[in-house]
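One structure below.
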Amino acid sequence: MQDKIDSIKQQLLELTATHDSPRSVLRSPLLRSLYAEIPKLPAEQKGQFGQMINQLKLDIEAAVVTREAQLARVELRPIDVTAPMDINSARPEPLAASKGSVHPLMREISILSDIFNRMGYVVEESREIDDQFHMFESLNFPKGHPARDDYDTFMTEERDGDGEPLIAPAHTSTMQYRVLRKYLDNLDKGEPIAAIVPDRVFRNEDLDARHEHTFYQVEGVYVGEGVNVGNLIATLQEFLQEYYGKKLEVRLNPFYFPFTEPSFEFSLSCPFCEKKGCSVCSQEGWIELLGCGMIHPNVLQMAGVDPGKYTGFAFGCGVDRLVMMKYAIEDVRHFHSAKLDFLRQF
Ligand SMILES: [Zn+2]
C-alpha cells in the first residue's frame, strides 16, 4: 500500500511542478482513487491509510503553493509599476479601484474639435519637439527677430543638423507650414485649406494661477480665394457661441504678430455678466481671449501658396483658458495637479 501511495505521490508532484494551473492537481482522479480505496480496507487499516493519504495531500498542497509563486514571478517580469495589484503577493489580485474619467482638457478638446469639424475643418496633431524653422522662420520670424525672445521657449542642449537647438513648441502655429503644404492640393481643386491643431505647448513661465509651463492651444488655419477679416470674425464668433452655448459679442483691437498682417487681439463679451462686469472679466465686461489675423503673405509664399491669388486667416487660442472660463476654474495649475478632488468634478 505504501508503494502505491509513493508512486502516485511521485506522479502528482511531477505534474504539479509543470502545471499552469497547479491547484487543479488537487482534484486529480489519481488522488480521488486513493480515497475510494478506504471503504474496501479492513477496519484496522483504515485509520493509518487515511493518515497517509492526508499527508500526501499536504505534500501536494505545499508543491502547489511553490509552483504558484513560481508562476507569479514569471508573470511579473519585468515589473510593471502601473500594475493595479500588490506585486509582492504570490497570487496578485487586482487592487480595489474606482472608475476613471476623461481628463477635462481632453474632453473639451474633443468638443471644440467637433464644432470645427462641423464647420469643415480637419483636426491635425502637433508635436512636442520641433526645429527653429517650423517654430520661427516659416512663420516670418527671420533669424535674430526680436519677437523670438517673447516666447520663452524651452530648448534642447543637443543641436540639430543646422547646429541649432530643438524647441518644445510654444505655440501650435509650429504646424502651420506643414498643414498648408499637406493640403495644398485643396486649392487647385477649388477647396479651402481648413484645419485646426489643438495640442500641447510649452513655455518657460513663472507659474501662478494663470500661467503654466505646459498648456494646450488650438491653432486654426483657413486659406482660400477671397478670404477676408469678415470670415475670420464670423468663424470665431460662431465657434465661441457654439462652445459657450449663448449669443456673444466680439471685438477686435489691432495687435502685432510677425505671422499675420493685419493682426488682432480678439475679445468677446463676458459670457457670465452680459458686459456688466464680474470677477471673471475683471469688471471689464470684455475678455481678451486670443490672437488672430490675416496670414502674412510671406508665410503663404514660403509654404507654396500664391499670395496673389489666395488669402487666409489664422488664430491661436489657449484651450485651458476657454475651459477655465466655461467652468469658472480659478487656477490653471489644477489641470496638471493630478488632484482627484478636482478631476472628479468632471
Ligand atoms: Zn463678466
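The values are calculated or read from the model by the stated rules, or taken from the named source; none is laboratory data. What you are looking at is a predicted structure, and each value in this text was computed from that prediction instead of being measured. Neighbour counts are summed over all protein chains in view; Cβ atoms, including those assigned to glycine, are modelled from backbone coordinates with ideal geometry.
A few notes on this one:
- So VAL223, is it crowded, with 21+ Cβ neighbours inside 10 Å, away from the ligand (no atom under 16 Å from the Cβ) and not acidic (Asp, Glu): yes
- Count of residues meeting criterion [away from the ligand (no atom under 16 Å from the Cβ) and either in a strand (DSSP E or B) or not assigned by TED's automatic domain parsing to the domain that holds THR174 (or both)] in the range 230-261: 8
- Filtered by the rule that a residue be part of a strand (DSSP E or B) and of a type in the set (D, E, K, R), the range 207-229 gives ASP208, GLU219.
- In the set (1) out of contact with any His (no Cβ under 8 Å at 6 or more places or on another chain); (2) crowded, with 18+ Cβ neighbours inside 10 Å, the condition left unmet by PRO258 is number (1).
- The condition of being hydrophobic (A, V, I, L, M, F, W, C) and under 24 Å from PRO192 (Cβ atoms) holds for only one of PHE116, PHE136, that being PHE116.
- Scanning the range 14-46 for residues that are part of a helix (DSSP H, G or I) and more than 60 Å from the chain's Cα centre (by Cα) returns ALA36, GLU37, ILE38, PRO39, LYS40, ALA43, GLU44, GLN45, LYS46.
- When residues of the range 269-303 are limited to those that are closer than 30 Å to LEU184 by Cα and aliphatic (A, V, I, L, M), the one nearest to the ligand (Cβ to nearest atom): LEU289
- Condition met for PHE264 (closer than 24 Å to ALA147 by Cα and more than 16 Å from the ligand (Cβ to nearest atom)): yes
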